[in-house]
Amino acid sequence: MKKKRIIILASGGGSNAAKILQHFQNHAKAEVVMVGSNRKAAGVQEHAHSHQVPMFFFNREELNEGKVLSVLQKMEADLIVLAGFLLKVPEELVAAFPNAILNIHPALLPKYGGKGMYGMNVHKAVKEAGETESGITIHYVNQHYDEGQILFQAKTSLEESDTPEIIAKKVLALEHLHFAPLIESIL
């Protein structure tokens, strides 16, 4: 049986990518075959290197002009995983990989989603709204920010004294706990 082929796209430090790489390192049914990033200085590069997974880099224009799509097709990706990827996925790419692009969002969608809602922006908004819980949403990507079909959510309770930084740590713990196993269940 041919292993399912996962490609990770990331823009930042890559802690979620690291967990996914680790989870699928010697997996019987799936493997991470490549990691792509729109930032040459992204920390995800170190994680890919330590797992001997090739990296590719691209800019916004190359993403929008189809270069990334052609790489994903050439690599015969079964699943594209956005792990802290901050650029909008172009419609052509979404159309080429229907229900095969996964994203993790650091809030309980539909709240705190959309353009500009990533990283600390989300946690600050959650804090300012006085929410008593936050969490993660894992969803398919469609042509609109954070509006694809929701596959999974996990919650964490918040204390009034929690700062955005504490909220971020609680949410990241959920991401690390749930993302890779959910990817495995989808495959």
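Among the helices (runs of 4 or more DSSP H) lying completely within segment 1-109, list those that include at least 1 residues that are under 19 Å from residue 142 (Cβ atoms) and touching a strand residue (DSSP E or B) at 6+ places or on another chain (Cβ under 7 Å). Give the derivation first.
Details: elements: 15-23, 44-50, 60-64, 67-74, 91-96.
Answer list for segment 1-109: 67-74, 91-96.
So if I check each of 79, 93, 109, which one is out of contact with any Pro (no Cβ under 8 Å at 6 or more places or on another chain) and closer than 22 Å to residue 168 by Cα?
Values: 79 fails: closer than 22 Å to residue 168 by Cα; 93 fails: closer than 22 Å to residue 168 by Cα.
Result: 109 is the single residue among 79, 93, 109 that is out of contact with any Pro (no Cβ under 8 Å at 6 or more places or on another chain) and closer than 22 Å to residue 168 by Cα.
What pairs can you find where one residue is in segment 115-134 and free of Cβ contacts under 8 Å to residues at least 60 places away in the same chain and outside any strand (DSSP E or B), the other is polar (S, T, N, Q) and buried (at least 18 other Cβ atoms within 10 Å of the Cβ), and their Cβ atoms are less than 7 Å apart, with a gap of 6+ or different chains?
These pairs meet every condition: 126/134.
Filter segment 1-17 for residues that are surrounded by 22 or more Cβ atoms within 10 Å (Cβ to Cβ) and either at pLDDT below 95 or not polar (S, T, N, Q) (or both); which is nearest to residue 180 (Cα to Cα)? Give the derivation first.
Pass one, segment 1-17, residues surrounded by 22 or more Cβ atoms within 10 Å (Cβ to Cβ): 6-10, 14, 16-17.
Those left that are additionally either at pLDDT below 95 or not polar (S, T, N, Q) (or both): 6-10, 14, 17.
Numbers: 6: 11, 7: 13, 8: 12, 9: 14, 10: 15, 14: 13, 17: 9 Å.
Restricting to residues being surrounded by 22 or more Cβ atoms within 10 Å (Cβ to Cβ) and either at pLDDT below 95 or not polar (S, T, N, Q) (or both), the top hit is 17.
Looking at 138, 166, which is the one that is in a strand (DSSP E or B) and hydrophobic (A, V, I, L, M, F, W, C)? Spell out the reasoning first.
Details: 166 fails: in a strand (DSSP E or B).
So the residue among 138, 166 that is in a strand (DSSP E or B) and hydrophobic (A, V, I, L, M, F, W, C) is 138.
What do you reckon, is residue 84 closer than 22 Å to residue 47 by Cα, buried (at least 21 other Cβ atoms within 10 Å of the Cβ) and modelled with pLDDT under 95? Can you show your working first?
Details: closer than 22 Å to residue 47 by Cα: yes; buried (at least 21 other Cβ atoms within 10 Å of the Cβ): yes; modelled with pLDDT under 95: yes.
So residue 84 passes the test.
Go through (1) modelled with pLDDT of 95 or more; (2) in a loop (DSSP other than H, G, I, E, B) one by one and return the number of the condition residue 182 breaks.
(2)
Identify the single condition in (1) under 17 Å from the mean Cα position of the chain (by Cα); (2) without any contact (Cβ under 8 Å) to a residue 40 or more places away in the chain that residue 62 does not satisfy, given that it satisfies every other one.
So residue 62 meets the others, but not (1).
I'd like the full set of residues that are under 14 Å from residue 78 (Cα atoms) and either in contact with a Leu (Cβ under 7 Å, 6 or more places away or on another chain) or at pLDDT below 95 (or both), limited to segment 18-40.
29, 30, 32 - these are the residues of segment 18-40 that are under 14 Å from residue 78 (Cα atoms) and either in contact with a Leu (Cβ under 7 Å, 6 or more places away or on another chain) or at pLDDT below 95 (or both).
The values are calculated or read from the model by the stated rules, or taken from the named source; none is laboratory data. Model, not experiment: these values are computed from the prediction. Cβ sites come from the backbone with ideal geometry, for glycine too, and all protein chains shown count toward neighbours.
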